[in-house]
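Shown next, in structure tokens, is the structure this report addresses.
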């Protein structure tokens, strides 16, 4: 059997693929890689189908040992990647012989690096996905040192470019959002959302908690309560504190606080790379 061994995980290392959409009616979030384009790219570089399962490493620190010959690729923010003690760089396919180790350093910016291995990780699937969901605890458990991960058959051909420049994780974000469905609960909602917001350390795969100016409901809705309503990835919910929570891939599927706006899908990957302290500005439409 083709396998790799986990030697170190860093702050957190999770098995993720492109998620399990379509199960919200069962109360199951979509989950999957927060920076889906980065995982897709890593898989292409390693010769896999884009939906193959890889490892999402929070702030790097991941070390694996190949127990078989395989191809690896690391994407996400620019980061040091070493094979044994030799620097090989990210965003390129790298051959590993049995016994060699691969170590991902700590990115200078951004949060999550993605490691794809030829054949993909063949962990047990739940509802058609190998993604770890930290809210419902579906999917493979968080990785620990000593874990041995089975790989599928390497059927594809690794691909690469002479120069593939990693996308830079910006220090500040402009985030396009679509107002609604409960923007009518706030006076001048577009104006209320404008201004600087800062990602806090209480953020995780469920959602980003933001610091900034607290929003207040309009007079007509100040004492109102909502029954639980469906939530989508990117929903910006306003709890009683008035400080927004932007829901990410492991979000609950229903909620009882008003959603003032929803982040446009194209900006979700950047939010998945937003470190605590990152400033962002919503651009309502």
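One table, with the values for the structure above:
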| item | result |
| --- | --- |
| Cα centroid separation - segment 41-93 against segment 172-218, whole Å | 34 |
| Shape of segment 1-86, Cα gyration tensor, a/c cut at 1.5 | prolate |
| If the convex hull is drawn through the Cα atoms of segment 3-150, its volume per residue in Å³ | 91 |
| Taking the chain and dividing mean pair separation by its residue count, relative contact order in percent (alpha carbons under 8 Å, at least six apart) | 22 |
| Whole-percent pair-distance distribution, where bins are 5 Å wide, for the alpha carbons of segment 162-230 | 3, 11, 16, 20, 20, 13, 6, 4, 3, 2, 1, 0, 0 |
| Over segment 229-285: Rg over Rh, Cα atoms, Kirkwood Rh | 0.94 |
| Alpha-carbon centroids, segment 3-23 and segment 265-279: separation in whole Å | 19 |
| Order by protection proxy (mean Cβ within 10 Å, highest first), peptides 247-257, 148-158 | 247-257, 148-158 |
| Peptides 51-61, 110-120, 228-238, 134-144 ordered by average Cβ neighbours within 10 Å, highest first | 110-120, 51-61, 228-238, 134-144 |
| Relative pair counts by distance (%), Cα atoms of segment 172-284, 10 Å bins | 15, 53, 29, 3 |
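Bear in mind that the values in this text are calculations on the coordinates, not laboratory data. It should be emphasised that the depicted structure is a prediction, and the values quoted were computed from it without experimental measurement. Cβ coordinates were reconstructed from backbone atoms using ideal geometry, including for glycine residues, and neighbour counts include every protein chain displayed.
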